[in-house]
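Read the figures in this text as sums done on the coordinates, not as results from a lab. Being a predicted model, the structure only gives us computed values, none of them experimental. Counting neighbours? That spans all protein chains shown, and the Cβs are built from the backbone with ideal geometry, glycine included.
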């Protein structure tokens, strides 16, 4: 099994998680903050 770490914008996270789980992947959601503009991001651990 491989682990993918991805950072996406908060607004894109719910649909991405839904699609990943629907395709049979497991995903763990972590809240994170961007460095430059301090915008909310979501870090996903996908495996």
Completion exercise
Of the conditions (1) part of a strand (DSSP E or B); (2) without any contact (Cβ under 8 Å) to a residue 24 or more places away in the chain, the single one that residue 35 does not satisfy is (1)
Handout entry: Test: residue in region 4-14 that is touching a strand residue (DSSP E or B) at 6+ places or on another chain (Cβ under 6 Å), assigned to a helix (DSSP H, G or I) and in contact (Cβ under 8 Å) with a residue 12 or more places away in the chain
Key = yes
